[in-house]
Amino acid sequence: MTLLKSWDRVLADVQSRTEYQNYVTAWESKIRSMLTFDLNRDRFGAQDGPLANIPFAVKDNIAVRDFNLTCGSRILENLVSPYTATAVERLQAAGARVVGKTNLDEFGMGSSTDNSALAQTNNPWNVNAVPGGSSGGSAAAVAAGLVPFALGSDTGGSVRQPAAFCGCFGLKPTYGTVSRFGLVAYASSLEVIGVLSRGVDTLETVYDIIAGRDDRDQSSVARPQNSPARGTARVGILRQIAELSPAIDAAYRETIEKVKSLGVEIVEIDIPALEYVVPAYYTIATAEASANLARYTGIRYGHRTSDDSSMEQMVAASRNEGFGDEVKLRILLGTYVLRSGFQDQYYIRAQKIRTAIRNGFDAAFGQVDLMLTPVFPTQAFLRGEGELTPFQQKLADKFTAAANLAGIPALTVPIGVTDGLPTAMQLLAPDFAEHRMFDFARRMGVDMAAMTPDGFDEGWRK
Amino acid sequence: MYQSFIGLEIHIHLLTRTKAFCGCTAEFGAPPNTHVCPVCLGYPGVLPAVNEEAMKMSYMVAKALNCELSPKCYFDRKNYFYPDMTKNYQISQFHDPVGRNGYFDVEVDGEIKRVRIHDVHLEEDAGKMIHSGRTSLLDYNRAGTSLLEIVTEPDLVTGKDAEAFIREFRRMVRHLGVCDGNMEEGSLRCDANVSINLKGQGLGTKTEVKNLNSARFVRKALEYEIKRQGRVLGKGEKVIQETRLWDSDNNVTASMRTKEKAHDYRYFPEPDMPPFCPDDAFMSEVVSRVVELPLVKKQRYLNGLQLSVDAAEFLVEDRLFCDLFEETCALGGDAKQISNWLCGDVQGQLKRAEVALTDSHITAARLNELVKLVDSGVLQRGKAKEVLELVIAEDKDPSAVVREKGFEQVQDDSQLDGWVSEAIDKNPQAVEQILAGNTKTISFLVGQVMRFSKGKADPKKVTDKLSQALGL
Amino acid sequence: MNVNELKTTAQLAMLDIPDPEKLAQAFSEMLDNFSKMMAVDVEGLEPTTHALAQGNRLREDVPRGTDESEAVLDRAPEREDRFFKIPNVL
């Protein structure tokens, strides 16, 4: 609790608040991680509780009453949420207070946060680099020390990849262990609310508070009474890993050696179906998205065009003006793969491959306690020349999206800094074995004191 | 020479307190957009949570329709845009509905016809639209309420069959207590698919007939539509597959002529709610709540209890009358007699008082008491109406009413014998006539006794005593 | 990828795509990627329709009690009295 402990005074009095505000303002002029930052808006944080007065930030696709719920989209730019997500309510009940809503790729669709229609967020390590996505705002805010933790959402890697790009821990919990009530749906069967923090202990504390079955989310699940064993004796690695950037490749090899040095056996694992993670993932995700985003029409809330020549025209124009290109592309793809005549070939086939991937992990976890893979084939990429194209970015989701297809938990663990940007690796565990990953991450002993971007400062709150 | 095929798609509003997927009340008649919340308005981030009672009622109907009940059912999303639908997909069931492959027996002209049921599935209703001038106004009070759809196979032949089906079905859901069956208010809606073809040629090209808001309209519209299709085919033309609306003012169906837009519902499993696998506790509750169905009940009343057709028909029309009837019988009364009371005086008094049976204070115990009072001669048959009226108006037991009003007939033998002797003594002429064979004159003597008793003597008993005294 | 297919798809999705040719390339790129799935032998695999589903979930049929109607009506882009207002649908 050391990280959190240092935060519990920042909202205590006018002077602390001013110092806090100043620190954030200075950073935000460079990175613009948050769409809203307001120390006074959250009226629901309890006075006591384990997280009393601890500020935190929430990705702007998670509902917090009285705060905007833009999803990084023009279509919801002016929507103020009338209700609060269950995960946020649980943190408020524990005393924590929402201070900011963080930027994201529109509706969570992207790997850079550059797909936000509302702001450009920069990586705190290098403002010319992207923070990753889609929870790029949450990752940047945490990495810059603006909040001790932030909530994100992970549909195909959207917590873990920006955590890797910005140099912090990022947890994608087991599907269903954290209620999705209040998380704006992109791909319902794949996504889950996750946590980003610079400390494993904080991550664990927050996860234990937000996890739990929720009557408002019937797809939520209770964690088993007998949680899986916490120890790790064997770690699996994929037999074939190709196309890693030199920095990531080096970090990967270094991590394998590190794991061995802990006395843990490394086992090579084959999951052939993983070759099809990207097409299966994008087929399912876009299919679900095409239905999930059909509700945005400008009739009941959100952006409405001035063109009211007919109902159809009004709806189509509102959607056209309100959605960005990437969102439109994914809605179209999803609509297409669900069309009669195409469903078998795309959507249903993808669901079957999903089963094969799940089976592959089940078999793997019969042999090993955890799996270790890269998070993303590259470090945070720079904007402009040499930037990954949107298509290349999608192909690079292969390591992260596998966990979403299988439903299993995964954790981004920072490794080090190469060429001024962080490197990170991913741990994967069987269902409900989050704590096994936390313990192992602690054993790996990452030196977070060395993982600080220029301008990072904790002195102001001590 | 033509054969007709009719299939029905029936939607019923389930009588749940809350909507299908959120905690908004499902009551009708509130001001626009009163019973709405982020969930039923399709706000970003909300999730549906299926209503337990809606699920139970759905299984009840499927069970009553003799369906194969799904051991694992789940919801699907049916995708299409329309402003009355808040998410622009309807949560429905397509791949694995609550029930499949059932049948329902209907009586037409005294014969039982078995109609196959294709499936029974639970879905959500849409909101309502009001169109005025350049704008349409939306009210989402009804959006998300639980709607159960029942799809039959095209086993019905005539409009009369279809009307009988709807009436029997309506009676059935009312008996189960899952729907109020009100077609005018739309809590029971019916669309019909109809086609005709030359005998032996199978189904023809069908039309869908909508706007059928009474059982009678179902018959009339189908009779019209079958004739219309016959005329079309007779002219050597082809029936166009389309949706037609019943126009009850002009007694015709007319093409809706909607803009033909590409539609493709793109059904896929609803990821927000896990599959539902009914367990033993759930199923035993469902089974226990599927009461004896009206048609079966009617047969039992007719064949087992020997009720008249009219009485049986009357009773099974309303579950509450059946319950009252059966409870009263269970107290030991004669079924036929009780049924006559119910169809006769009870119904009559309720109608006159404009009171529903539930609010009438008439219970099995009270009805049983009333019948016994009359049977035993304590109450004159002719006074029963008055007693019922007071039971209804003042919530009192019949015996109390009889006592308070002084309606009891004198049964005491010594008192009656006194009056009888007095009448014989005072009317020697009448006695003479009777003894001479003019037995009808005995009614004069009965009248005398009634006068002495101020109307409280039991005329039947008095007659007996007079006959006995005069040695008849 | 045929531009007409794209237009039909856009119509189903209620999207007004001003420049379908521009989108067609990105669309085809992804569809080609999806087509790789055809190489997988999916014989005997059941589709995963629900991720980690656990037990039966039913909500008790009890009204919520709080009135949220004003909050949602306030957020309507256009309203008339207590109605949401749109161009005439007929």
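Among the residues of segment A:423-451, count how many are in contact (Cβ under 8 Å) with a residue 12 or more places away in the chain and farther than 16 Å from A:LYS258 by Cβ.
Qualifying residue count for the region: 10.
Got a number for residues in segment A:295-313 being surrounded by fewer than 24 Cβ atoms within 10 Å (Cβ to Cβ) and within 27 Å of C:ALA26 (Cβ to Cβ)?
Within segment A:295-313, residues that are surrounded by fewer than 24 Cβ atoms within 10 Å (Cβ to Cβ) and within 27 Å of C:ALA26 (Cβ to Cβ) number 7.
Any idea which of (1) more than 14 Å from every other protein chain (Cβ to nearest Cβ); (2) charged (D, E, K, R); (3) in contact with a Pro (Cβ under 7 Å, 6 or more places away or on another chain) is the one B:LYS298 doesn't satisfy?
(3)
A:GLN47 - would you say it is more than 30 Å from A:GLU77 (Cβ to Cβ) and either in the same structural domain as A:VAL127 (by TED's automatic domain parsing) or at pLDDT below 95 (or both)?
Answer is yes for this residue.
All but one of (1) within 14 Å of another protein chain (Cβ to nearest Cβ); (2) within 35 Å of the chain's Cα centre (by Cα); (3) touching a residue at least 24 places away in the same chain (Cβ under 8 Å) hold for B:ASP272, so report the exception by its number.
For B:ASP272, the failing item is (2).
State whether the residues of segment B:361-377 include one that is over 30 Å from B:LEU342 (Cα atoms) and without any contact (Cβ under 8 Å) to a residue 60 or more places away in the chain.
So far as segment B:361-377 goes, no, none of its residues is over 30 Å from B:LEU342 (Cα atoms) and without any contact (Cβ under 8 Å) to a residue 60 or more places away in the chain.
What is the residue count in segment C:1-24 for residues that are under 22 Å from the mean Cα position of the chain (by Cα) and not in a loop (DSSP other than H, G, I, E, B)?
13
Out of the strands (runs of 3 or more DSSP E) lying entirely within segment B:1-95, which hold 2 or more residues that are touching a helix residue (DSSP H, G or I) at 6+ places or on another chain (Cβ under 8 Å) and at pLDDT 95 or above?
The qualifying strands (runs of 3 or more DSSP E) are B:2-13, B:76-79.
Are any residues in segment A:37-66 surrounded by fewer than 24 Cβ atoms within 10 Å (Cβ to Cβ) and either part of a strand (DSSP E or B) or within 14 Å of chain C (Cβ to nearest Cβ) (or both), and if so, which ones?
A:PHE37, A:ARG65, A:ASP66
Restricted to segment A:12-33, and to residues that are touching a helix residue (DSSP H, G or I) at 6+ places or on another chain (Cβ under 6 Å) and of a type outside the set (Val, Ile, Thr), which residue is surrounded by the fewest Cβ atoms within 10 Å (Cβ to Cβ)?
A:GLU19
Taking the conditions exactly as written (in a helix (DSSP H, G or I), more than 14 Å from chain C (Cβ to nearest Cβ) and either closer than 23 Å to C:PRO20 by Cα or at pLDDT 95 or above (or both)), does A:GLY366 satisfy them or not?
yes
Criterion first (small (Gly, Ala, Ser), surrounded by 15 or more Cβ atoms within 10 Å (Cβ to Cβ) and in contact with a Cys (Cβ under 9 Å, 6 or more places away or on another chain)) does B:ALA312 satisfy it?
no
Of all residues in segment B:337-384, which are over 20 Å from the mean Cα position of the chain (by Cα) and at positive phi?
B:HIS361, B:GLY377 - these are the residues of segment B:337-384 that are over 20 Å from the mean Cα position of the chain (by Cα) and at positive phi.
Might you let me know whether segment C:59-75 holds any residue that is closer than 30 Å to A:ARG223 by Cα, surrounded by fewer than 15 Cβ atoms within 10 Å (Cβ to Cβ), more than 8 Å from chain B (Cβ to nearest Cβ) and charged (D, E, K, R)?
no
Which members of segment C:6-43 meet the condition of being aromatic (Phe, Trp, Tyr) and touching a residue at least 12 places away in the same chain (Cβ under 8 Å)?
C:PHE27
So which residues in segment A:385-401 are acidic (Asp, Glu) and modelled with pLDDT of 90 or more?
The answer is A:ASP397, and nothing else.
Among the strands (runs of 3 or more DSSP E) confined wholly to segment B:132-219, which include 1 or more residues that are more than 30 Å from C:LEU73 (Cβ to Cβ) and touching a Ser or Thr at 6+ places or on another chain (Cβ under 7 Å)?
Counting at least 1 such residues, we get B:188-198, B:207-210.
The values are calculated or read from the model by the stated rules, or taken from the named source; none is laboratory data. Note that the coordinates shown come from a computational prediction; the quantities given were computed from them, not determined experimentally. Quick reminder, even Gly has a Cβ in these numbers, built from the backbone with ideal geometry, and neighbours come from all protein chains shown.
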